[in-house]
Amino acid sequence: MVVVQRRQAVIMGVFAVQTTLFGSTGTSVSRLGFGSMGLRGPRTWGVRCVDEVQSERVLQAVLDAGINLLDTAPDYGLAEERIGRYLRHRRSQFLLATKCGCDPLQHADHLEVRHTWTAAVIRGNLEASLRRLQTDCIDILQFHGGDADTLQQAGLIDLLQSFRQQGKIRWLGISSALPHLPALLQLQVFDTVQVPWSCLAPQHADCIADAAARGCGLIIRGGIAQGGPDAEIQRPQWNDIWQQAKLDELLPPDTTRAQFILRCTLSNPQHHSVIVGTASLEHLAENVAAAAAGPLPREILQQVTQRVAAVLAQPVPHP
Ligand SMILES: NC(=O)c1ccc[n+]([C@@H]2O[C@H](COP(=O)([O-])OP(=O)(O)OC[C@H]3O[C@@H](n4cnc5c(N)ncnc54)[C@H](OP(=O)(O)O)[C@@H]3O)[C@@H](O)[C@H]2O)c1
């Protein structure tokens, strides 16, 4: 155990996480970011419960590795509270992105998530997030979904702009997906956009290019395809694509499949920060090493794109 921990410390000490300009925010962001959904604790949806001790270890290690973007949400159970508890004294070292529009339904034994687009919910989210995160300013407040017409008609974009004028947030963000994203981008009000992309799920590539052309800071989620075939928790939808595209044939030596997926994502410089979730120090070290290894060769990336496109073009089998 001690040997493993020492090896992880060495890996994280040796590899510096690269940074890049975060769109027109003008600030610098680490190419590898951290998604805190896995730190949500026992009462939220999900498959695994990470305890306090491990949550603190992972959060400290994330900053020690040079990662400077943390994504969270009121929907992620204990995650905001844990970030506040364990990282408040290091607040100047990272950009904090949380979300709004989250209307938690707290049952006796679990939390469900509903999104409600009213000023009262958004105001309540911001105040609760500031309190839980133990900070006086959120760097990026992202609408957790929503569509352009609803957000505009309810006056919620103006509301976020008023938060910015009051110094409670720095930038307006959206965490979204198709079919809502194109109209949201046309509003031209978002400093950052959070979108899913991986080589196994490349459907948002055009939205990403559009957002980049508009100068948005790009936050990529799903960029390691939830660990792909290497994950402890298997996700058949990604693994089937991996198998059918025969991507094992393209793996460079000494590279895990998860690292390969992450390197594919990081090979696109428009993907400013890829927020990977992990509760494992070993995986964190692997991800830091993968990010430091740099882009994959162009021929490999082309092969991946072509093979996955061929798999996705096949008719979906019906039972
Ligand atoms: N609508 C939204 O706004 C929305 C939706 C989903 C997610 N998010 C954000 O995006 C973040 C990322 O979520 P995601 O769903 O995209 O998950 P993800 O980061 O693609 O995957 C997380 C999973 O990958 C595993 N993993 C990480 N590194 C690994 C490695 N090197 N080898 C093997 N397995 C590895 C983790 O397991 P271990 O813990 O065992 O490493 C975990 O089960 C979330 O935390 C959240 O902040 C936002």
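The values are calculated or read from the model by the stated rules, or taken from the named source; none is laboratory data. Since the model is a prediction, treat every value here as computed from it, not as a measurement. With ideal geometry, Cβ positions are generated from the backbone for all residues, glycine too; neighbour counts draw on all protein chains shown.
Quick look at the values:
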read-out	value
Residue tally, condition surrounded by fewer than 19 Cβ atoms within 10 Å (Cβ to Cβ) and either in contact with an Asp or Glu (Cβ under 7 Å, 6 or more places away or on another chain) or of a type in the set (Ser, Thr, Tyr) (or both), over the range 87-103	1
Answer residue from the range 226-248, given it is part of a loop (DSSP other than H, G, I, E, B) and either in contact with a Ser or Thr (Cβ under 6 Å, 6 or more places away or on another chain) or under 21 Å from His283 (Cβ atoms) (or both) and is modelled with the lowest pLDDT among those	Gln234
Residue in the range 141-149 that is in contact (Cβ under 8 Å) with a residue 24 or more places away in the chain, within 20 Å of Cys207 (Cα to Cα) and of a type in the set (Asp, Glu) present	yes
Conditions (1) more than 11 Å from the ligand (Cβ to nearest atom); (2) under 30 Å from Pro269 (Cα atoms): number failed by Pro42	(2)
Of all residues in the range 255-285 being charged (D, E, K, R) and free of Cβ contacts under 8 Å to residues at least 40 places away in the same chain, the one that is farthest from the ligand (Cβ to nearest atom)	Arg263
Qualifying positions in the range 104-122 - surrounded by 14 or more Cβ atoms within 10 Å (Cβ to Cβ) and outside any loop (DSSP other than H, G, I, E, B)	Pro104, Leu111, Val113, His115, Val121, Ile122
Residue count, the range 209-254 (criterion: over 22 Å from the mean Cα position of the chain (by Cα), surrounded by fewer than 22 Cβ atoms within 10 Å (Cβ to Cβ) and within 16 Å of the ligand (Cβ to nearest atom))	4
Sole residue being surrounded by 21 or more Cβ atoms within 10 Å (Cβ to Cβ) and farther than 30 Å from Glu52 by Cα, chosen from Val288, Val308, Val274	Val308
Any chance Gln203 is modelled with pLDDT of 95 or more, touching a helix residue (DSSP H, G or I) at 6+ places or on another chain (Cβ under 9 Å) and surrounded by fewer than 14 Cβ atoms within 10 Å (Cβ to Cβ)	yes
Failed item, numbered, when Leu178 is tested on (1) surrounded by fewer than 18 Cβ atoms within 10 Å (Cβ to Cβ); (2) not in a loop (DSSP other than H, G, I, E, B)	(2)
Selection within the range 51-69 - without any contact (Cβ under 8 Å) to a residue 40 or more places away in the chain and touching a helix residue (DSSP H, G or I) at 6+ places or on another chain (Cβ under 6 Å)	Glu56, Leu59, Leu63
Residues that are assigned to a helix (DSSP H, G or I) and over 18 Å from the mean Cα position of the chain (by Cα), drawn from the range 255-287	Arg257, Glu282
